[in-house]
Amino acid sequence: MQNKLLVTVICLCYNHENFVLESLHSVLNQDYPHIELIVVDDCSTDNSKKTIEKWLLDYPNIQFIFNHTNLGNTKSFNKALKSAKGNYIIDLAADDVLVPDCISQQIKTFRESSFKNLGVVYGNTELIKENGEFSSYFFPVDDNLKTIEKRQTGNIYLSVISGGNSICSVSSMAKKSVYDLLNGYDEILAYEDLDFWIRSSRLYEFEYIDKILVKKRISNNSLTDNFYNNSKARFKKINLSTYLILKKAIKLNQTKKEDFGIQKRVHHEIVHTFKIKAYGLLFKNIGLRFWLFWRTNFKKY
């Protein structure tokens, strides 16, 4: 039975017509055989839907969900999650590519890890340009492609709330039970990964795989660009989401040490919102800073 653990890959597509087939084929070309693929097109305005539907003629058993209105990543993922039958879940963007042994390495790690409360595994990622050329690595590597800086494993909650590069979300696999317990992604947020890693690391242990598992495409429409460009439509919602994520995380903290750790992120947001002249959010983030400074009572989980 352990050899037949089902992995569900949820592939989210929005205006990825030039990349989606490469992404889908990278799932089908895995050396691990027990995979369920669910494809979601979030009302793309390019030819993504037609491209996927034509491809599905050769793969009629693959589930395809088409949103008639643009729902965003969090709602689209949760919609697919309700149909997922796998023991494990991968959230795959339709412009990223799994290396052939990605899933088998992740399953192997779940089987062999010494952690008893393991909920999430993740590895390193190769960053590629839009044309597929190599750009860099998410975590810097040596000549043997081994991560130079040792990654924290096990209980990594403090690391997640303190630092900006504690997790490489695109190379992760989580138990479905983790998503079920957390009710999937928080749908009020504009982006999902930081909030999910904070909430899941509060409850579960994490393991790191020192291998390149995914090729992540860096595009002109990347989420990171939207954090800093106030001409982008998603700008305000993304920065508000960061405030909401930090506010939720503070409620999860159990010690003053954890409060001190998250102060680094709060301070960054204070500086960031001042620079972009988002004064409403600036004062909200200053409010978080005062909350962290004065509070003494913590809720245990």
Selection from the stretch 270-300 of residues that are modelled with pLDDT under 90 and under 20 Å from residue 199 (Cα atoms)
297, 298, 299, 300
Looking only at the stretch 106-134, which residues are surrounded by 14 or more Cβ atoms within 10 Å (Cβ to Cβ) and among the polar types (S, T, N, Q)?
106, 109, 113, 124, 125
How about the stretch 152-181: which of its residues are open to solvent by 20 Å² or more (accessible area, probe 1.4 Å) and either within 21 Å of residue 75 (Cα to Cα) or not in a loop (DSSP other than H, G, I, E, B) (or both)?
158, 159, 162, 169, 170, 175, 176, 177, 180, 181
If I go through the stretch 268-301 residue by residue, how many of them are without any contact (Cβ under 8 Å) to a residue 24 or more places away in the chain and closer than 16 Å to residue 158 by Cα?
0
Can you find a residue in the stretch 241-256 that is modelled with pLDDT under 95, touching a Lys or Arg at 6+ places or on another chain (Cβ under 6 Å) and of a type outside the set (S, T, N, Q)?
no
Enumeration of residues in the stretch 185-205 that are hydrophobic (A, V, I, L, M, F, W, C) and touching a Ser or Thr at 6+ places or on another chain (Cβ under 9 Å)
188, 189, 190, 194, 196, 197
Residue 139 - would you say it is among the hydrophobic types (A, V, I, L, M, F, W, C) and touching a Ser or Thr at 6+ places or on another chain (Cβ under 7 Å)?
yes
Could you identify the single residue in 228, 191 that is open to solvent by 50 Å² or more (accessible area, probe 1.4 Å) and modelled with pLDDT under 95?
228
Would you be able to say whether some residue in the stretch 272-280 is open to solvent by 40 Å² or more (accessible area, probe 1.4 Å) and either acidic (Asp, Glu) or over 29 Å from residue 73 (Cα atoms) (or both)?
no
Hey, any hits in the stretch 88-97 for a residue that's closer than 26 Å to residue 191 by Cβ and among the aromatic types (Phe, Trp, Tyr)?
yes
Can you confirm whether the stretch 127-134 contains a residue that is touching a helix residue (DSSP H, G or I) at 6+ places or on another chain (Cβ under 6 Å), more than 30 Å from residue 85 (Cα to Cα) and in a loop (DSSP other than H, G, I, E, B)?
no
Is there a residue being of a type outside the set (Ser, Thr, Tyr), modelled with pLDDT under 95 and either assigned to a helix (DSSP H, G or I) or surrounded by fewer than 18 Cβ atoms within 10 Å (Cβ to Cβ) (or both) anywhere in the stretch 204-216?
no
Tell me whether the stretch 55-63 contains one or more residues that are in contact (Cβ under 8 Å) with a residue 40 or more places away in the chain, out of contact with any strand residue (DSSP E or B) (no Cβ under 6 Å at 6 or more places or on another chain) and of a type outside the set (Lys, Arg).
no
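The values are calculated or read from the model by the stated rules, or taken from the named source; none is laboratory data. On a predicted model such as this, the values are computed, not experimentally measured, just so you know. Every residue, glycine as well, gets a Cβ built from its backbone with ideal geometry; the counts of neighbours run over all protein chains shown. When the accessible area is computed, the model is the full protein with side chains, heavy atoms only, and any ligands, DNA or RNA have been set aside. Shrake-Rupley method; radii C 1.70, N 1.55, O 1.52, S 1.80 Å.
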